[in-house]
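Working notes, beginning with the structure itself.
Read-outs throughout are calculated quantities, based only on the coordinates presented, and are distinct from any laboratory measurement. Everything numeric in this text was worked out from a predicted model, so none of it was measured. Note: ideal-geometry Cβ built from the backbone for every residue, glycine included; neighbour counts use all protein chains shown.
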Amino acid sequence: MDRQPRIKILNMDPYAYNLDEADIKRERRKARELRASQWWKRRLAKGVCHYCGQPAPPKALTMDHIVPIARGGRSTKSNVVPACKTCNNAKKQLLPMEWEEYLEGFG
Ligand SMILES: [Zn+2]
């Protein structure tokens, strides 16, 4: 089977993976499907951020990939969680180690 040309994900991340563009497109599509599912709507209805455990209105919660797609994470039920805006922003801006420390603050 022919492989798609590989593209390099440049995000200043030392753990950046080489991913197929087709892989990324597939995982983004799967994420959209998950977002539309009853399973996801039930998760949002609980109204709790997975990371900080704070209550949040379902509309304020977004789908976060625990392992980001850009690092080889998949759009599966075990890899996506509802996250509040604060945690979502923190996860995007912090280095992986800083993010670990951020999470420990809630432990
Ligand atoms: Zn949170």
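By how many nm would the segment from residue 39 to residue 24 grow when fully extended, if each residue of separation counts as 0.36 nm and the alpha-carbon distance is taken off?
Details: separation 15, 0.36 × 15 = 5.40 nm, distance 2.24 nm.
Gain on extension, residue 39 to residue 24, equals 3.2 nm.
For segment 58-107, the equivalent ellipsoid built from the Cα gyration tensor has semi-axes of 17, 15, 10 Å, listed from largest to smallest. Based on Cα contacts under 8 Å between residues 6+ apart, segment 50-107 shows a relative contact order of 38 percent. Can you find, among 51, 93, 103, the residue sitting farthest towards the positive end of the charge dipole of segment 40-107, where Lys and Arg contribute +1 and Asp and Glu -1 at Cβ? Of 51, 93, 103, it is 51. Between residue 85 and residue 54, the modelled labels are 1.1 nm apart [label points 7 Å from Cα along Cα→Cβ]. The per residue volume of the convex hull around the alpha-carbon atoms of segment 11-107 is 94 Å³.
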